[in-house]
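The values are calculated or read from the model by the stated rules, or taken from the named source; none is laboratory data. No experiment lies behind these values; they were computed from the predicted model shown. Here the Cβ is made from the backbone with ideal geometry for all residues, glycine too, and neighbour counts use every protein chain on show.
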Amino acid sequence: MMRIAILAALLAALWLAGCAEEAPPGETAGFAGLGQEAGEFAQAHEGIRLSFPEDHAAHPDYRIEWWYLTANLEDERGEPLGLQWTLFRQALTPPDERPEPAPWAADQLWMAHMAVSRGETHRVAERFARSHSGQDDGQAGAVAEPFRAWIDHWQLATRVDTSDEPGDTFTELQLTARQDDEYGGFGYDLALAAEGPLVLHGVGGFSQKSADGQGSMYYSQPFWRVEGEVTLDGETRAVSGRGWLDREWSSQLLGPEQQGWDWFSLHLESGHKLMAFQLRGGGADGGDYRSGTWIDPEGEPTALAPDEIGMTPLATQRVAGREVPTRWRLEIPRAGLDMIVEAPHAERWMDTSVAYWEGEVIARDAESGDNLGIGYLEMTGY
């Protein structure tokens, strides 16, 4: 156990070192170092054509990448639950400097987060691993066909059987993860079925993140129907609901002055979906940079320009020693939306190596108070 603890601490240090290299004097490197210059890594830019199923797999030539799933669920009693499962990859060396494959050679570092939330209860776990970019069967990784993304026994993998005929192995997935803890353990075993298409954000999948042009390749599957079991504090309940999976990869996600972001994903009662974010700093006038995607019930996306999104914090709560905005006004005039988006429970701090807030939210009409939908909010840099 001691060797495992030492390895975990070493990997955490490597991750933080890779994410937070020293910036030039008088200049920051963005939240968690995501504003570093791309150097010799591949760079995301407009004009790259996404290709599936290949882009469901890892992109080791880029410095950073993630597979990010959140879900709004209810148990058989009608009680709401939230969950998160995220697999992060970071390249340790540029493509031209990779070591040759060998038992202890590694050029990719992996980190995974899982969380289960119900009421005031919020359980969080974190794992680390390493791999060589030429491996597809190591301790952690992500492959396209058949789709599988994993770290140890935590995995998101296809349920599609292609032994008789070819099929899209990303349309039906199984999410399994379990963590023992002092409260009796938590985790989930869930079936995901896509009820709509993949959605490309920005311009053909390139999502700009600052006025200077930094950004990521970014697509989502926001149409997951989720069913299965969730365990919390040793008690297992049947659940069902809706999920949202984000995929992003980049080598310089932010501008160097951008120190955090506020990101919303909403499932609206009308059948529409909304993704909207603001990066604090990096706007054309020195203010915040905003972007988003309005998605119709059939999955057709409409890119939202910075001036088409209103995002105003209305109230904060003290969480983990920080003042975190948990009540927002979100305005999308193009869609006729003026909403109050609020976290019913503030205690959703992810106390992980790179800490952030991630939790369930409820959207209501700003004037009438009518319920409009549910979703998730992520906030970093607070």
Tell me which residues, restricted to the stretch 38-66, are at pLDDT below 95 and of a type in the set (V, I, T).
I64
Charged (D, E, K, R) and either out of contact with any helix residue (DSSP H, G or I) (no Cβ under 9 Å at 6 or more places or on another chain) or farther than 23 Å from Y376 by Cα (or both): does that describe R127?
no
Expected single match for over 19 Å from the mean Cα position of the chain (by Cα), without any contact (Cβ under 8 Å) to a residue 12 or more places away in the chain and surrounded by fewer than 20 Cβ atoms within 10 Å (Cβ to Cβ) among G299, G336 is G336
Hey, A142 among the small types (G, A, S), part of a strand (DSSP E or B) and closer than 13 Å to H153 by Cα or not:
no
Considering each of L109, L69 in turn, give the residue that is closer than 30 Å to I362 by Cβ and modelled with pLDDT of 95 or more.
L69
One residue is enough: does the stretch 304-312 have a residue meeting the conditions more than 23 Å from G196 (Cα to Cα), in a loop (DSSP other than H, G, I, E, B) and out of contact with any helix residue (DSSP H, G or I) (no Cβ under 6 Å at 6 or more places or on another chain)?
yes
Report, by residue number, each residue of the stretch 99-146 that is aromatic (F, W, Y) and surrounded by 22 or more Cβ atoms within 10 Å (Cβ to Cβ).
W110, F128
Go through the stretch 330-382 residue by residue and tally those that are part of a strand (DSSP E or B) and of a type in the set (V, I, T).
6
Scan the stretch 65-106 for residues that are part of a strand (DSSP E or B) and within 29 Å of I374 (Cα to Cα) and report the count.
21
Report, ordered by the first and then the second residue, all pairs with beta carbons closer than 6 Å, sequence separation of six or more or different chains, a first member in the stretch 159-177 that is farther than 25 Å from R127 by Cβ, and a second member that is not in a loop (DSSP other than H, G, I, E, B) and not aliphatic (A, V, I, L, M).
V160/E172
The stretch 133-164: number of residues that are touching a Lys or Arg at 6+ places or on another chain (Cβ under 8 Å) and not small (G, A, S)
8
